[in-house]
Amino acid sequence: MSVAPEDASVHRSLGLTDEEYETIHGLLGRHPNHLELAMYSVMWSEHCSYKSSKIHLKRLPTEAPWVLVGPGENAGVIDVGDGIAVAIRIESHNHPSAIEPYQGAATGVGGILRDIFTMGARPIAVMDPLRFGPLDDPRSRWIAEGVISGVSGYGNSVGVPTVGGEIVFDETYRGNPLVNVLAMGVLPVERLVLGRASGVGNLAVLLGASTGRDGIGGVSVLASAGFDEASQNADKRPSVQVGDPFEEKRLLEACLELLDEGLVTGIQDLGGAGITCATSETASRGGAGMDVDVSAIHSREEGMEPFELMTSESQERMLAIVEPGSLDRVLEISSRWEISASVIGRVTGDGQLRILDGFDGEVLAELPASTLHDDAPEYERPLSPPENLIERRSLDASSGPVDCAADLLALVRDPAWVYSQYDHQLFLNTVVGPGSDGALLRLRDPRTGHETGRALGMSTDGNHRWCHVDPRQGTAMVVAEAVMNIACVGAEPMAVVNCLNFGNPEHPEVMWQLSEAVDGMSEACRAFNAPVVGGNVSLYNETNAVDIAPTPVVGIIGMHPKLSNPPPGMTLSPDLTLVLVGQQPNENVSMAGSRWAWEIGGCKDGSLPEFDLFQTVRTAEYVTEIVQRNQVEAVHDVGDGGLAVALAEMAVHSGVGMHISGFDGHRALFNESGGRVIVALSRTDLESFLRETSNRGVPAQTIGNTGGSSLVLGSTINLSIDDLTRAARDELPQALGQGTVSG
Amino acid sequence: MSRHVGVIRFPGTNCEFDTIDAINELGGEAKVLWHGDSDPGDVDAIVIPGGFAHGDYLRCGAIARFSPIMDAVSTFARNGGPVLGICNGFQVLTEAGLLPGALQKNAGLKFLCRMEQIQFASTANVVGLGASVGDLLNIPINHFEGNYVCAKETLKQLEAENRIVFRYTDNPNGSIGDIAGISNKRGNVVGMMPHPERATSMLLGSNDGTSLLQSLLSTGRAPST
């Protein structure tokens, strides 16, 4: 084995610093060879090692009695009762999607699904929070259209419904879109498997697609550095992988069959850092070592170098750890599903990861498996708030030209054009799908398919505007928004996963944003009793050295304990009374961080509206109860765009107008004070409802009635439902698709 | 009564268990038929469910028609056995020559998943039992290639022979004649793009698909000829 010192330029070109090189030198007691260096470079990349964020992530609450698997495994797993567990995970595929939108998004979906079936769960739902540059930017439109097509093309074909998500357009994402994907799966508790290699002599079987030169070093080249003008183009494209949903579908079915028959002792998906990551992670988690024969890897082309085989990020591959006696059956099932299977490794007892050319051949690399993980660097990077923070927070975000009716038409947006491209109904669980506050899925027993009478509520939420103004309170409000969204479908929060999309961690302001966001998330998750069971950190989201606005995205899952009828939803009928429930902002409420301030007023700073977390907890609990009891006719969370947009969404959705009084002027209509929900109920129920909210300490205020064919908001806005509907419905198809939709 | 229903599973099929659940809920006994088997066993009806058989690579249904089970489906259909192709199953039936015409990309060039209203245009087939021409149903569609196309003479023939089973009331995909489903001449083979199994509970927004599956179960298996 070559142990010659490497030319210093080699480790730097792989993304390792001189200090990191010295650490590797110390761990091995000798200079690493090129292959070893390549393996450390991918495993110690920001993407795989969380080296900049780990120190902050430790502050998140991660425990609860129902948490079976917390952060650090392929997916978080919670116990939802009746012997059923739920696996959930969210990930980003931001940089690949910026370069090749369709494949970037497609492989993002593929990767997250493998994380779920790795745990032994059948994936039953995907959500896709998407963020793009402005609609008037042709490149951003190209990225948006490609990403949506990629999610549709891959997700529909692989056969997992996309039940919700978000779509946001903002200047901050020009050149650096955010493509986050959440996946959820169900499994019998006893089938839970972990990505562990144990049992000396057991075999590591590589399943699925052949290994090619696609995605070499994707995690270190793409995910762990920002973009500049030049690199927008071709030179990073070979690092983007190409997805094959049909291969993934067969791989998924084959793996679930292997798990059903109890043929694997551990299983691991191949994602970032490819075979290096899968072999070293399974070995080090299992306290074992592994011999890996690179010559046994089924490859896509001749003459691939060992470092290419070991770091390739070719998609649709899994590594199964099987006892030798089970191998024949494993190969039989693989063959039935027409997927390739090769024995590429043997579990050893010495903790060493040895890369060999033939099991008895030359040793190409040898290192302690655990050093790729446990000894990865951990940085306490400098952090500091922006120098002009006080000045920024003193700005008044309510100034600007005001034409409330025109502003409302500009702010309403119906995402149906996007989600109608996604199969959101497969598996017959989708009681509430995309386009609503939260999704609600029937929970069926994965062993029998029988209904449990319960349902899972899910939502993904992020808000870069709030988090730009105040990353701490903004993130707490994002968590509250997610909780309120599932409250609107009757679900009580059980767990949260997060995708922390931030700029360059070498900028102290970005590290401050990250740290503040983690604290805000911790406070809110503790208040809602929703532990963080997994997450992903995406850094270096920057273009030409300008960082994106901080965008922590949360995915939440909760339980509706007894579902006999669909929840009320946001459909109105005439002659109902509308009540605003939750925190009631005063007339001087700040507009900072609102869509109005950013997109119309042109001010991105100021101080966020006051936010009472504990009031919001009470409101969310109360809303959950009234939805579970089907006590109201309609319910809708007040989110982006404030009260006026939420009311307009209900009116457009139902084709029913309304008269609202007491809210005049843009400040009252468009502020984004948190923790508010609109409830519609029959007049006869009003008195008892207000008595009940008062007894429960939940503020509530009657704001108007439904009826007619116009949206009348005090003396400020009077718009026909037809005009509103056209504005909401046509914006996305006109910008991204084929013009006005039919009908 | 056709109680035993075989539901074909190709690699890439994804609606097989939804279809089985929906049929079993109605008192049928549905089981998976693997595409590589050539004997469907003792079944009273066959469903080719939705999904992406063989990844829809080459062309939807183009590879699936060569799976060994398809010979058995042809024989079964020729003998009068009830066969229902849903979505991808409809595409497979056209590729296999059991139904005329073809399904091309939606006019809007986008995948579409949403509730659609369809209308019975003929009930002389295995899904029409108990229904009347003109009945309106809310059943979701979920396809990229659902734009039915056929030669003019074929369309005339379909109309003359009362073989257009469903028409969309608001054509979502550009199908000729607003066609959402057709049958063979005898009425025992039906292909439709909407997914009846997705409209089997008010929790899912509609149960208008139930009667179609019920009809399939109630249709007697025709005697062998």
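Phi angles across the range B:133-139 convert, under the Karplus curve 6.51 cos²θ - 1.76 cosθ + 1.60 with θ = phi - 60°, into 3J(HN,Hα) values of 4, x, 4, 9, 10, 9, 9 Hz, Gly and Pro given as x. Relative to the longest principal axis of the Cα atoms of chain A, helix A:471-487 runs at roughly 80 degrees. Computed as a quarter of the hull surface, the mean projected area of the alpha carbon convex hull for the range B:4-218 stands at 10.2 nm². Between rounded, prolate and oblate, where does the protein assembly as shown land on the alpha carbon gyration tensor, with a ≥ b ≥ c its root eigenvalues, rounded for a/c under 1.5, else prolate if a/b exceeds b/c? Note, shape of the protein assembly as shown comes out oblate.
Please report the antiparallel percentage of the DSSP beta bridges confined to the range B:4-218, to the nearest 5. The partial results should precede the final answer.
Working: 22 of 38 bridges.
Around 60 percent antiparallel, to the nearest 5.
Residues of the range A:145-173 losing 30 Å² or more of accessible area relative to the isolated chain, 1.4 Å probe, heavy atoms only? Listed by number, the residues meeting the 30 Å² cut-off are A:Asn156, A:Ser157. Of all aspartates and glutamates in the structure, those lying under 16 Å Cα to Cα from B:Lys110, and not within fewer than 8 positions of it along the same chain, are A:Glu145, A:Asp423, A:Asp730, B:Asp56, B:Glu145. Across chain A, the longest piece that holds none of the GluC sites (Glu not before Pro) lying in DSSP loops with up to 11 other C-beta atoms within 10 Å covers A:388-586. Checking every one of the trypsin sites (Lys or Arg not before Pro) in the range A:562-649 against DSSP loop status and a limit of 14 other Cβ atoms within 10 Å picks out A:Lys562, A:Arg629. Helix A:101-118 axis versus longest C-alpha principal axis of chain A: approximately 70°, rounded to the nearest ten. What is the Cα centroid distance between the range B:119-145 and the range A:428-506, reported in whole angstrom? With the range B:119-145 and the range A:428-506 each reduced to a Cα centre, they are spaced 37 Å. Rolling a 1.4 Å probe over the protein heavy atoms of the range B:4-218, with every protein chain left in place, gives an accessible area that is 49 percent carbon and sulfur.
Solvent exposure of the protein assembly as shown, expressed per residue, is 33 Å² of accessible area, with all protein chains present and a 1.4 angstrom probe.
Compute, for the range B:4-218, the length of the dipole vector about the Cα centre, with Cβ point charges of +1 (Lys, Arg) and -1 (Asp, Glu) only. Units Debye, rounded to 20.
Details: 15 positive and 22 negative charges, 126 e Å.
Its charge dipole is roughly 600 debye.
In a simple Cβ point-charge model (Lys, Arg +1; Asp, Glu -1; nothing else charged), chain A has a dipole of about 1640 debye relative to its Cα centre. If the limit is 27 Å between Cα atoms, which of B:Lys105/B:Lys156; A:Lys249/A:Lys562; A:Lys249/B:Lys105; B:Lys105/B:Lys152; A:Lys54/A:Lys249; A:Lys249/B:Lys31 go over it? Violating the 27 Å Cα-Cα cut-off are A:Lys249/A:Lys562; A:Lys54/A:Lys249.
Rounded to the nearest 500, what is chain A's calculated 222 nm mean residue ellipticity when only DSSP H runs of at least 4 contribute -39500 (n - 2.57) each, over all residues? The partial results should precede the final answer.
Values: 24 runs with 252 residues, N = 743.
Helices in chain A give a 222 nm mean residue ellipticity of -10000 deg cm²/dmol.
Here's how it looks for A:Ile84: its modeled amide H is under 5 Å from those of A:Val189, which are all 5 or more places away or on a different chain.
Contact with the other protein chains removes 50 Å² or more of accessible area, compared with the isolated chain and a 1.4 Å probe, from these residues of the range A:424-438: A:Gln425, A:Leu426, A:Leu428. The calculated FRET efficiency for A:Asp685 paired with A:Asp328, based on their beta-carbon distance and R0 = 56 Å, is about 0.25.
A simple spin-label model places the labels of A:His298 and A:Phe359 1.8 nm from each other, with each point 7 Å out along Cα-to-Cβ. The accessible-area loss of the range B:83-131 on complex formation, taken against its chain alone with a 1.4 Å probe, reaches 40 Å² or more at B:Lys110, B:Phe111, B:Cys113. Packing order of peptides B:102-109, B:127-134, B:50-57, A:578-585, highest average first: B:50-57, A:578-585, B:102-109, B:127-134 (average count of other Cβ atoms within 10 Å over each peptide's residues).
Report relative contact order for chain A in percent, whole number only (criteria: Cα-Cα under 8 Å, sequence separation at least 6). Present the calculation step by step, with values, prior to reporting the outcome.
Values: 1930 pairs, mean separation 110.2, N = 743.
The normalised contact order for chain A reaches 15 percent.
Comparing mean-square fluctuations of B:Cys87, B:Cys60, B:Cys113 from a GNM of chain B with C-alpha springs under 10 Å, the top value falls on B:Cys113.
For A:Asn501, enumerate residues with amide H under 5 Å from its amide H, sequence gap 5+ or separate chain, H modeled in the peptide plane. Amide H neighbours of A:Asn501, under 5 Å, 5+ apart: A:Ser538, A:Thr551, A:Val553.
Of the trypsin sites (Lys or Arg not before Pro) found in the range A:1-96, those in coil by DSSP whose Cβ has at most 15 other Cβ atoms within 10 Å are A:Arg30, A:Lys58, A:Arg59.
For chain A, which whole-number percentage of the solvent-accessible area (1.4 Å probe, protein heavy atoms only) is attributable to carbon and sulfur atoms? Intermediate values should be presented prior to the final figure.
Numbers: 11370 of 23740 Å².
Carbon with sulfur: 48 percent of the solvent-accessible area.
The A-B contact accounts for roughly 2800 square angstrom of buried accessible surface, both chains included, probe 1.4 angstrom. For B:Glu197, neighbours were defined as the other residues whose beta-carbon sits under 9 Å from its Cβ, and their charges (Lys and Arg +1, Asp and Glu -1) total -1.
For the range A:306-364, state the average projected area of the convex hull of the C-alpha atoms over all orientations, rounded to one decimal in nm².
Numbers: hull surface 20.6 nm².
Across all orientations, the range A:306-364 yields a mean hull projection of 5.2 nm².
The values are calculated or read from the model by the stated rules, or taken from the named source; none is laboratory data. Quantities reported herein were computed from a predicted structural model and do not represent experimental measurements. Every residue, glycine among them, receives a Cβ derived from its backbone with ideal geometry; neighbour counts consider all protein chains shown. Ligands, DNA and RNA are stripped out before the accessible areas are found, and what is left, the full protein with its side chains, is counted by its heavy atoms. Shrake-Rupley method; radii C 1.70, N 1.55, O 1.52, S 1.80 Å.
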